[in-house]
1. Which number in (1) surrounded by fewer than 16 Cβ atoms within 10 Å (Cβ to Cβ); (2) closer than 15 Å to His272 by Cα marks the one condition that Arg183 misses?
2. Hey, does region 114-137 have a residue that's over 30 Å from Ala205 (Cβ atoms), out of contact with any Phe, Trp or Tyr (no Cβ under 7 Å at 6 or more places or on another chain), of a type in the set (A, V, I, L, M, F, W, C) and modelled with pLDDT under 95?
3. Would you pick out the residues in region 58-97 that are more than 27 Å from Asp182 (Cβ to Cβ), in contact (Cβ under 8 Å) with a residue 40 or more places away in the chain and not charged (D, E, K, R)?
4. Say we look at region 76-97 and pick out the residues that are hydrophobic (A, V, I, L, M, F, W, C) and in contact with a helix residue (DSSP H, G or I) (Cβ under 6 Å, 6 or more places away or on another chain); which of these is farthest from Thr23 (Cα to Cα)?
5. Spot the failing condition for Ser213; the list is (1) more than 19 Å from Leu255 (Cβ to Cβ); (2) modelled with pLDDT of 95 or more; (3) hydroxyl-bearing (Ser, Thr, Tyr), and only one is missed.
6. Restricting the search to region 39-51, which residues are farther than 16 Å from Val105 by Cβ and either surrounded by 11 or more Cβ atoms within 10 Å (Cβ to Cβ) or modelled with pLDDT under 95 (or both)?
7. If you take the residues of region 92-124 that are touching a Pro at 6+ places or on another chain (Cβ under 9 Å) and either of a type in the set (Ser, Thr, Tyr) or assigned to a loop (DSSP other than H, G, I, E, B) (or both), which of them is nearest to Ala141 (Cα to Cα)?
8. Across region 1-34, which residue is farthest from Ser279 (Cα to Cα) among those that are among the hydrophobic types (A, V, I, L, M, F, W, C) and in contact with a Leu (Cβ under 8 Å, 6 or more places away or on another chain)?
Amino acid sequence: MDPELEAFIPFLPQLDMDDPVTTREAFAEIAAAAPAPDTSTMEVEDRTVSADPDVAVRVYRPHRPHQPHRPQGAVVWLHGGGGVFGDLDTEHPWAAGVAELSGAVVVSVGYRLAPEHPFPAALDDAYAVLAWTAERGVDPARIAVGGHSAGANIAASLALLARDRQGPAIRFQLLNQPGLDDRQETWSARNFTATPWMNRDRIAAGWRHYLGSRPATPYAAPARATDLAGLPPAHIATAEFCPNRDEGIEYALRLLRAGVPVELHQWPGTFHGSQAILSADVSQRQIAELGATLRRALNGG
């Protein structure tokens, strides 16, 4: 493991995925203790997307003094948290960072959480926000979807759903450490039972909450999709010591076999969510790559 990351492992909080309410409170306290991001280079606005029910979003619109009249590209951004915890406030530093590094409008989605709102609630919310974004002053030909962990799962599901419904065009999918397969049958899922932050048992609990009483479908767990043709180009990033590692790599390979352009980056020495340890050099490189990748994807080079 990367020594800069390993030094922080004893201080990581132990979140109980079987107690969603307590987990949300603990995660919110951790996020609130982090330094506030510098948003002086962008406009930040809380909005409500009209849907059933309405969806809260936070829109980050970077200033562009040199291109004031060209419509901006955008990314519909989904936070992580196993589908159980996380919100617009906990994701605020990351969403602001993505906006700053990419130059894209970031629409951070406050989707409904399980177990109170199991699948397909979060995906329905994300789809409503995708349609809303395409009509709100951005370039409709330059819209991406992306997120971390469970958010990356929803982003991949959103790409599948938009393709099948012939909905708003998605130019790119940015999937960071995605959890894509509820079956947990890969080597990494079976063997990483004691990895930091997220291990097999916590991820399994997240899937139980997210699926509720419904069987998993490809829109809940994209690894179950049999047809990946026609999906948007993808960037998939995986962490070496992460139960989700192998399902992310396999999904990248399956996209390639289906004719979808893919960039895959496996980060050695990292674990699930370790990029939150901002002092580590590898974390800084991971975050910079996400922003640069999105900038290239939405600007054609």
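The values are calculated or read from the model by the stated rules, or taken from the named source; none is laboratory data. Because the structure is predicted, anything quoted here is derived from the model rather than measured. Positions of Cβ are backbone-derived with ideal geometry, glycine not excepted, and every protein chain shown enters the neighbour counts.
1. Looking at each condition in turn, Arg183 falls short on (2).
2. Of the residues in region 114-137, the ones over 30 Å from Ala205 (Cβ atoms) are 131-137.
Pick out the ones that are also out of contact with any Phe, Trp or Tyr (no Cβ under 7 Å at 6 or more places or on another chain) and you get 131-137.
Checking the rest, the ones that are also of a type in the set (A, V, I, L, M, F, W, C) come to 131-132, 134.
This time we only want the ones that are modelled with pLDDT under 95, so: none.
Among the residues of region 114-137, not one is over 30 Å from Ala205 (Cβ atoms), out of contact with any Phe, Trp or Tyr (no Cβ under 7 Å at 6 or more places or on another chain), of a type in the set (A, V, I, L, M, F, W, C) and modelled with pLDDT under 95, which makes the answer no.
3. Val59, Tyr60, Pro62, Pro71, Gln72, Gly73, Ala74, His92, Pro93, Ala96, Gly97
4. Our first condition is that a residue be hydrophobic (A, V, I, L, M, F, W, C); within region 76-97, this holds for 76-78, 84-85, 88, 94-96.
Narrowing the set further to residues that are in contact with a helix residue (DSSP H, G or I) (Cβ under 6 Å, 6 or more places away or on another chain) leaves 76-78, 84-85.
On the way: Val76: 25, Trp77: 22, Leu78: 19, Val84: 8, Phe85: 7 Å.
Top of the filtered list is Val76.
5. Going through (1) more than 19 Å from Leu255 (Cβ to Cβ); (2) modelled with pLDDT of 95 or more; (3) hydroxyl-bearing (Ser, Thr, Tyr) one by one, Ser213 breaks only (2).
6. Across region 39-51, the qualifying residues are Thr48, Ala51.
7. Across region 92-124, the extreme among qualifying residues is Ala104.
8. The first filter runs over region 1-34 and keeps only residues among the hydrophobic types (A, V, I, L, M, F, W, C), leaving 1, 5, 7-9, 11-12, 15, 17, 21, 26-28, 30-34.
Cutting the leftovers down to in contact with a Leu (Cβ under 8 Å, 6 or more places away or on another chain) gives us 26-27.
Details: Ala26: 22, Phe27: 20 Å.
Within region 1-34, the match that is farthest from Ser279 (Cα to Cα) is Ala26.
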